[in-house]
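S.K.: Let me give you the structure first, and then I'll get to my questions.
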Amino acid sequence: MKKLYFGSNLKMYKNRKETVLYLQELAELTKDISREELHLFIIPSYTSLEGAAEETDRSLIQIGAQNMCWEDQGQFTGEISPLMLKEMNLDLVMIGHSERRHVFRETDVEENKKVQAALKHGFRTLLCIGETAEEKEYGISREVLRKQLIVGFHNVSPAYAKNIWVAYEPVWSIGVNGTPASPDYAEEMHKVIKECLYELFGESGNEIPVLYGGSVNPGNANELITKESVDGLFVGRAAWNAKKFNALIRDVRKSYNNQE
Ligand code: PGA
């Protein structure tokens, strides 16, 4: 069975104690699933990161940061440097989550600086991209995704492709008010993304996993994973209870196996 990617961003939820308990429960519940077939990662809040990184069996669950400054140090009040994250021995850094772009007004150029810094420091880098409802309405989703990828990976050499993951999360699909993308629509956009990654990185672009995120839930996860260009699921609310996330992972793996 091909390796499937499952991850969750805990956003600004769960304190340090809750995060560690959640991670330990999730590790215990999923430990029988071969990590040859499952790549599981969780992205907690900054204040929970150290506890999460130290107290989780990292061969079972990888731990990532939700954001990162592009500079190593300096006059950047409120920011976190790649060197500070390296001290915690993290596995990955997420860049450009929809809430960073739309609530905190981060631009593609800034995401590119962060991507370059994260890769330079040896982090696996998860770049999140996605169009807004308005952009979809105007029929420019493809153009928007291509722009986010082309600018986001500007000046990134194909040698780094092995450390890159992409999450497609349409802005209109995220959070309590989101509408999940239909599996067919997700597949269409994932194809656009994969083509663009090939243009940018050549053959190594084909190795970059592309995950779908945005209101993934037990009702749509199984069909999403059967789509050819969907390599994994990036889950929010439906993953924040370890038992429910474990059940979702198992169901999705079953659906994937049944269609193979
Ligand atoms: P959601 O969050 O699954 O709760 O919509 C997805 C995300 O923001 O990554």
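S.K.: Mind listing whichever residues of the stretch 204-218 are surrounded by fewer than 21 Cβ atoms within 10 Å (Cβ to Cβ) and either within 8 Å of the ligand (Cβ to nearest atom) or without any contact (Cβ under 8 Å) to a residue 40 or more places away in the chain (or both)?
M.R.: Asn206, Asn217, Pro218
S.K.: For a quick check of your reading of the model, give me the residue pairs whose first member lies in the stretch 233-244 and is in contact (Cβ under 8 Å) with a residue 60 or more places away in the chain, whose second is within 6 Å of the ligand (Cβ to nearest atom) and of a type in the set (Asp, Glu), with beta-carbon atoms closer than 8 Å and at least 6 apart or on different chains.
M.R.: Here the result reads Phe234/Glu169, each pair linking the stretch 233-244 to a residue that is within 6 Å of the ligand (Cβ to nearest atom) and of a type in the set (Asp, Glu).
S.K.: Now for a separate question. Answer with yes or no whether Pro170 is surrounded by fewer than 17 Cβ atoms within 10 Å (Cβ to Cβ), within 15 Å of the ligand (Cβ to nearest atom), at negative phi and modelled with pLDDT of 95 or more.
M.R.: For Pro170, the condition - surrounded by fewer than 17 Cβ atoms within 10 Å (Cβ to Cβ), within 15 Å of the ligand (Cβ to nearest atom), at negative phi and modelled with pLDDT of 95 or more - is not met.
S.K.: Do we find a residue being in a helix (DSSP H, G or I) and under 21 Å from Arg253 (Cβ atoms) anywhere in the stretch 190-208?
M.R.: Keep residues of the stretch 190-208 that are in a helix (DSSP H, G or I), which gives 190-207.
This time we only want the ones that are under 21 Å from Arg253 (Cβ atoms), so: 190.
Scanning the stretch 190-208, I find at least one residue that is in a helix (DSSP H, G or I) and under 21 Å from Arg253 (Cβ atoms), so the answer is yes.
S.K.: Would you be able to tell me the number of residues in the stretch 144-166 that are of a type in the set (Val, Ile, Thr) and either more than 25 Å from Gln62 (Cα to Cα) or out of contact with any strand residue (DSSP E or B) (no Cβ under 8 Å at 6 or more places or on another chain) (or both)?
M.R.: In the first step, residues of the stretch 144-166 are kept if they are of a type in the set (Val, Ile, Thr); the result is 144, 150-151, 156, 164, 166.
Still in the list and also either more than 25 Å from Gln62 (Cα to Cα) or out of contact with any strand residue (DSSP E or B) (no Cβ under 8 Å at 6 or more places or on another chain) (or both): 144, 150-151.
Number of matching residues: 3.
S.K.: Give just the number: which of (1) crowded, with 21+ Cβ neighbours inside 10 Å; (2) out of contact with any helix residue (DSSP H, G or I) (no Cβ under 8 Å at 6 or more places or on another chain) does Tyr22 not satisfy?
M.R.: Among (1) crowded, with 21+ Cβ neighbours inside 10 Å; (2) out of contact with any helix residue (DSSP H, G or I) (no Cβ under 8 Å at 6 or more places or on another chain), Tyr22 violates only (2).
S.K.: I'd like the full set of residues that are over 26 Å from Ile63 (Cα atoms) and either in a loop (DSSP other than H, G, I, E, B) or modelled with pLDDT under 95 (or both), limited to the stretch 111-143.
M.R.: Residues satisfying the conditions are Glu131, Thr132, Tyr138, Gly139, Ile140.
S.K.: Of the conditions (1) away from the ligand (no atom under 16 Å from the Cβ); (2) at pLDDT below 95, Gly152 clears all except one; give me its number.
M.R.: It fails just one condition, (2).
S.K.: Now for a different question. Might you check whether a residue that is basic (Lys, Arg), closer than 24 Å to Ala118 by Cβ and modelled with pLDDT of 95 or more occurs anywhere in the stretch 30-39?
M.R.: yes
S.K.: Just one of (1) within 12 Å of the ligand (Cβ to nearest atom); (2) surrounded by fewer than 21 Cβ atoms within 10 Å (Cβ to Cβ); (3) free of Cβ contacts under 8 Å to residues at least 40 places away in the same chain trips up Gly175, so point out which.
M.R.: Against the list (1) within 12 Å of the ligand (Cβ to nearest atom); (2) surrounded by fewer than 21 Cβ atoms within 10 Å (Cβ to Cβ); (3) free of Cβ contacts under 8 Å to residues at least 40 places away in the same chain, Gly175 comes up short only on (3).
S.K.: Scan the stretch 167-182 and tell me whether some residue there is in a helix (DSSP H, G or I) and in contact with a strand residue (DSSP E or B) (Cβ under 7 Å, 6 or more places away or on another chain).
M.R.: Checked against the condition, which is being in a helix (DSSP H, G or I) and in contact with a strand residue (DSSP E or B) (Cβ under 7 Å, 6 or more places away or on another chain), the stretch 167-182 yields no hits at all.
S.K.: Now for a different question. Is there a residue being closer than 14 Å to Phe245 by Cα and surrounded by 14 or more Cβ atoms within 10 Å (Cβ to Cβ) anywhere in the stretch 49-57?
M.R.: no
The values are calculated or read from the model by the stated rules, or taken from the named source; none is laboratory data. The structure displayed is predicted, hence computed values, not measured ones. All Cβ positions, glycine included, derive from the backbone under ideal geometry; neighbour counts span all protein chains shown.
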